[in-house]
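Asker: Before we start, here is the structure in question, set down as structure tokens.
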Amino acid sequence: MEIQKDKLKKLNQLPVKITDWVGSTKSLILHTALFVLIFALRFFNVSTNDILLILTTAVSLEAIYLSIFIQMTVNRNTQSLVAVEEDIDEIQEDVEKLEKDVDEIQEDVGEIQEEEHADTIYERKNAELLLNIESTMKQLTNDIAALKNQKK
């Protein structure tokens, strides 16, 4: 089973390699050399009609195979684009979830700030109340001391 997968993988890589090679400088040089050589057959007493027949047949076959390779490349790129689109959709969903989480966190922070503000106000009121009680206690203590001094 693993061997079949390897063979299939290599088979799928072949059109990619051919397409890459056809688009290279080496391919351009080879095609130019073959084009010159096909007309050089005239020096070996091959008729012009036969040369043109061979050239036309070869060019037609090459065009057929190149169109197949181009279509395979388009299909492969389309599959890649579909995968990228799926990834983008997943990322967008994640971003939306994160936005919701951020909104919830902002609400929580707002509530905490309100609670802290309320606690601060409560603590200030308690501090004022304690100062008032302390002041009243000092006044009462002074009044009691003054009354004791009057009785004596």
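Asker: Taking the Cα-to-Cβ direction at LYS17 and at ALA145 and moving 7 Å from each Cα, how far apart do the two end points lie in nm?
Answerer: My value for the distance between the label points is 10.6 nm.
Asker: Distance between Cα centroids, segment 62-87 to segment 1-20: provide it in whole Å.
Answerer: 15
Asker: Radius of gyration and Dmax for the chain's Cα atoms, expressed in Å?
Answerer: Taking only Cα atoms of the chain, I get Rg and Dmax of 45.5, 154 Å.
Asker: Please identify, among ASP119, ASP89, ASP101, the residue showing maximal mean-square fluctuation in a Gaussian network model of the chain using a 10 angstrom Cα cutoff.
Answerer: ASP119
Asker: Sequence neighbours fewer than 8 away in the same chain don't count; with that in mind, list the lysines whose C-alpha is under 21 Å from LYS9.
Answerer: Those lysines meeting the cut-off are LYS17.
No value in this document is a laboratory result; all are computed from the given coordinates. In this text the structure is predicted, and so the values were computed from the model without any measurement. All Cβ positions, glycine included, derive from the backbone under ideal geometry; neighbour counts span all protein chains shown.
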